[in-house]
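Scroll down for the structure; my scribbles are underneath it.
The values are calculated or read from the model by the stated rules, or taken from the named source; none is laboratory data. Every value quoted in this text rests on a predicted model; they were computed, and no experiment measured them. Here the Cβ is made from the backbone with ideal geometry for all residues, glycine too, and neighbour counts use every protein chain on show. The area values use the complete protein model at the heavy-atom level, side chains included, leaving out ligands, DNA and RNA. Shrake-Rupley method; radii C 1.70, N 1.55, O 1.52, S 1.80 Å.
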Amino acid sequence: MSIRVATDQSTEGLATAHSEWIGVCSLDDLAPERGAAALVGGVQLALFRTFDDSVYAVQQRDPFSGAFVMSRGIVGTRGAAPTVASPMYKQVFDLRTGECLDAVGKEPVPLAVWPVEVRGGVVFVARPEVGT
Amino acid sequence: MPSVADMLQEQSPQHLVVVGGGMVARRLIDALRARDEAGQWSVTLLCEEPRAPYDRVALTSYFTGRHPEDLALGGQDIWDDPLVTLKRGVKADSIDRAARTVTTNGGAVLPYDALVLATGSYAAVPPVPGKDLRGAFVYRTIDDVADLRAWVEKRRDELDRPVRGAVVGGGLLGLEAAGALRALEVETTVVEFAQRLMPLQVDDGGGAALKRLIESLGVSVRASTATSRIVGDRGVVSKMEFSEGEPLDVDVVIFAVGVRPRDELARDCGLDVGERGGVVVDDACATTDPAIWAIGEVANIGGRCLGLVAPGYTMAEIVADRLLGGGGTFPGADLSTKLKLLGVDVASFGDAFAEEPGGLEVVISDPVAGVYKKLVMSDDARTLRGGILVGDATAYAALRPMVGRELGGDPAAYLLGPDTAGSAPGLDLPEDATVCSCNNVTAGEIRCSVTEGGCTDLAGVKACTKAGTSCGSCLPLVKKLVTTELEKSGVEVSSALCEHFDLSRAQLFDVVRVQGLTTFSEIIATHGRGRGCDICKPVIGSILASLGTGHILEGERASLQDTNDHVMANLQKDGSYSVVPRIPGGEITPEGLIAIGEVAKEFGLYTKITGGQRIDLFGARIDQLPAVWKRLVDNGFESGHAYGKSLRTVKSCVGSTWCRYGVQDSVGLAIALELRYRGLRSPHKLKLGVSGCARECAEARGKDVGVIATDNGWNLYVGGNGGFTPRHAQLLAEDLDTDTLVRTIDRFLMYYVRTADRLQRTAAWVEDHEGGLDAIRAVVLEDSLGIAADLDAAVAVHVDSYEDEWAAVLSDPEKLRRFGSFVNAPDVADDSFGYVAERGQPRPATPEERAGGVLIAGTTLEVRR
């Protein structure tokens, strides 16, 4: 089953501590240990589903190249941290915090991250502020 | 007892001013800051150039695509050190020795406790008429080379024909400059006053070999020639006239006749200078004023100025030592040189000209192979005194440290080839033999960094000892020393793939193959830890693919692939992809060409012919890829695997079917080979080439596997590549019939696929393979390991299981679903792209163009929906 939720529409009845949660897709839409691009409130995000079925959301724009490609990076681990490596110049980021763990000789730049919750097989992301 | 205030006073640093921002100044500051743990000295560096010290020795690499920033020396964090002040674009105007101050061109007055002059040299310009015309250059700074390039490009546009240039001076610098002109595609002539090239480094025999090698590269050489005048046309250089011989039409002239020390600051403040210039210093690098030191090219030490960086570095180390109370002295300069000029190896070391009486010369001169090698031995032929190597200087790293020592073997054995040089008899370096002459590092220091310094790899030893960090010519020897020492101390040299696997790629390959593992989860659960990374995942994806176990996007395997393999196209800088259909052997029908053109037109793609004789289509969004493939597949094309670490192309010349000179059907063989190995995943990309005759129009010797037709069959070459470190392929076997040829290539490729390291191309693999090419030849031709049948079977599996990866995805809705733009809006196009038109095609807009709003279109406007 696949749920599509309109990109600009918040899902009623799901507001929690976060001002606004937006249903984005079903967990099944995300391949394990791979990323997918999502358009949420006009902002491009990269969603990642890790081996343990956790889902993380970070900015889709790769800060080192400026291209919107983060979802296409290789997902892995570094110690205990779930990571993604930029497909462009291979900088490695912690998916939980966005921290740049390996800047490949450049000045580290972190990724913006968004809270994600998976409820009833649906992936919800806290509404991002426009401009990211 | 001193008061607290006095103690603080004592601890506040003294001030060092360094005048001149070259390589030697940088070395001084590095050395001082590394050793001055108590912070006794603060340093101000005055750089006349608008940039921090950079690698002047590597200046010519600016023309092969390196940016000025890439020439930066070492880490840039030294300039953030609070005790170091870098002043760019500031020149010292005068020194007041009584007041101990330096006045800058901006009028600032800087007090000093110690002053170091490291002002280097001017490029000398001979007093020939016309030397100041536009189009005449020197070759010294980044600005010089940038101006030179701009001039050549301007003239090319204006003249609409190849630019012609000349270099005055055929020494080391002149040949560097000639290399730069050649890189700019200038028709180049080198004019040398002496009777041979590089008169200071090589003898007549070496000079003759060098001339032949350089002329074979298309650079003309005029030796024994004095330039009498440069003739201008409207203020621009147009012709050179010589004391003898025909004049030469030129559009650009570079003077590279030598350097002159920049000693005028010293002269003006009354320090002693040498007869032919240079600030006179003693063997501690101190001038006649004990507060002033001079180092590098400006220093006149032992009665001469030294134009090499290695002695300059030694002087910098001595001054750093002296400033901290040490007693270092200059041990005399090692003027050994090894260079690659215009791609030609030249080395000169020790008593190269046999000036010491009683020397014996051992000479090997082979004009056909383009090498000249000479060793100068003591009169009993035991002790090495010096040597000259032209055309092949691989023996240099091993020989130079042996100067003054017994070689312990037949001297000729050292000259006979690269294979014997490293392993020549009795070459066990003494502790005090200098291995890295740039940084004056001995074999003992390198061994010690491993045994006592705790270094466990080459990178660590380089960081710790600085060995091999300047010119790099000694690195093979350093690596050998480090490996030997590690093995001796029982340390296993780590070949672990990454933090998740302790195995090397070759070991992993064997484990996966023998145990029949087919998934990443199984492999990492049994042989690794964690969940992998961008290093080990693609390696395992590649191993599984090499073993012919199904589509690269099947199930969990999709998560292992780098984005290129994952979407079967090549990621470009803006996040779009390029698509390359296979064109086997570079042969294509008119219908095929039209079909590709129509696809490009329909999707608004930029098209370019690749180096591998096919056509690359750029600028497709990820969601457009299946539609692009569909059109191509419908027209009979398939994936060209341009994205994979796999076979790319088999390049061919037109061969005997059309060519007047061809002796075999190179196109037919190239197509057969490309269809045989298409899709074969390997440790790195693989390129093949087939030439139909010895003229070698397919450039097969620049390929991993190169085949050249002979009257009797095919010659097979292996281990060539272009790229960052170009290599010529070496002959593996001669005059093979087609079946034997194919079987030999099968085995070579599969053996490489199984045993090479990650991202190791065939050239490095052959070099690292124990026993080198001979051992590989024994494996593939004589089955010395008894694995030939196994390798043959593996290739047969590959050939039988091949399928077009694009077509397979197009017929699988589950895989196709991954090509949506957004998981929650698969039909909304990504609007982050912007293009402008250039020469009638789209290209990604620059940030400035995007900000300025001059886009012709995002891709959404141009493409089919």
Put B:THR104, B:THR657 in order of accessible area, largest first, probe 1.4 Å, and you get B:THR657, B:THR104
Taking Cα atoms, how many degrees apart are the long axis of helix B:172-183 and the longest axis of chain B, rounded to 10 and kept between 0 and 90? 30 degrees
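Counting only other chains, and only Cβ atoms inside 10 Å, what mean value do you get across the residues of B:573-581? Please list the in-between numbers first.
Details: counts 5, 6, 12, 2, 1, 0, 0, 0, 0.
Neighbouring Cβ atoms belonging to other protein chains average 3 per residue here.
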Could you work out, for segment B:140-289, what percent of all Cα-Cα pairs fall into each 10 Å distance bin, beginning at 0 Å and stopping at the bin that holds the largest distance? 10, 33, 29, 18, 9, 1
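Let me know the charge dipole size of the protein assembly as shown about its Cα centre in debye, to the nearest 20, where only the beta-carbon of Lys, Arg (+1) and Asp, Glu (-1) is charged.
1640 debye
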Just to check I understand the Karplus step: with θ = phi - 60° and J = 6.51 cos²θ - 1.76 cosθ + 1.60, what whole-Hz values come out for segment B:232-241, glycine and proline as x? x, 10, 6, x, 10, 4, 9, 7, 10, 10
In vacuum, with every alpha carbon of chain B counted as one equal point scatterer, what does the Debye formula give for log10 I(q)/I(0) at q = 0.08, 0.09 Å⁻¹? Two decimals, please. -0.92, -1.15
Calculate one ³J(HN,Hα) per residue across segment B:112-119 by plugging θ = phi - 60° into the Karplus curve 6.51 cos²θ - 1.76 cosθ + 1.60, and present them in order as whole Hz with x for glycine and proline. 9, 9, 9, 10, 10, 8, 9, 7
Per the 1.4 Å probe, what fraction of the accessible area of segment B:645-803, in percent, lies on carbon and sulfur atoms? 48 percent
Could you check what % of the DSSP bridge pairs in chain B are antiparallel, to the nearest 5? 65 percent
Please list, in order along segment B:511-517, the HN-Hα scalar couplings obtained from phi with the Karplus expression 6.51 cos²θ - 1.76 cosθ + 1.60 (θ = phi - 60°), rounded to whole Hz, x for Gly and Pro. 4, 5, 5, 5, 7, x, 6
The extension gain from B:ALA124 to B:VAL828, computed as 0.36 nm times the residue separation minus the Cα-Cα distance, is 247.0 nm
Per 10 angstrom bin, beginning at 0 and ending with the bin that holds the maximum distance, the Cα pairs of segment A:82-124 fall in percents of 28, 42, 21, 8, 0
Placed amide H near B:PHE137: partners under 5 Å, 5+ positions off or other chain: B:VAL253, B:ILE254, B:PHE255
Regression test value, accessible area per residue of segment B:46-187, probe 1.4 Å, units Å², expected 46 Å²
Going highest first, how would you order B:209-216, B:843-850, B:579-586 by mean Cβ packing within 10 Å? B:579-586, B:209-216, B:843-850
Local electrostatic count, B:THR442, Cβ distance below 11 Å [Lys/Arg +1, Asp/Glu -1]: -2
For segment B:645-803, report the % of Cα-Cα distances exceeding 18 Å. 54 percent
Taking accessible area as the heavy-atom solvent-accessible surface of the protein chains with a 1.4 Å probe, which residues of segment B:489-533 lose no less than 40 Å² upon going from the isolated chain to the full protein assembly? B:GLU499, B:ARG531
Amide hydrogen neighbours beyond the local backbone of B:ILE615, cut-off 5 Å, H modeled: B:THR610
To the nearest 10 degrees, how steeply does helix B:536-546 sit against the main Cα axis of chain B, on a 0 to 90 scale? 40 degrees
Protein accessible surface hidden between B and A, which excludes ligands and nucleic acids, total in Å², probe 1.4 Å: 2600 Å²
Just the projected area, averaged over all directions, of the convex hull on the alpha carbon atoms of segment A:21-126: how many nm²? 6.0 nm²
Considering only B:GLY702, A:GLY23, B:CYS464, whose Cα is most displaced toward the positive end of the charge dipole of the protein assembly as shown, charges sitting on Cβ of Lys, Arg (+1) and Asp, Glu (-1)? A:GLY23
Quick calc, segment B:432-494, dipole around Cα centre from Cβ unit charges on Lys, Arg (+) and Asp, Glu (-), nearest 20 debye, gives 200 debye
For segment B:431-486, what is one quarter of the convex hull surface built on the Cα atoms, given in nm²? 3.0 nm²
Taking a probe of 1.4 Å and leaving out DNA, RNA and ligands, segment A:21-126 shows per residue an accessible area in Å² of 33 Å²
Roughly how much of A:TYR89 is accessible, in Å² to the nearest 10, using a 1.4 Å probe? 120 Å²
Using amide H atoms built 1.01 Å from N in the peptide plane, name the residues 5+ places from B:SER652, or on other chains, whose amide H lies under 5 Å from its own. B:VAL690
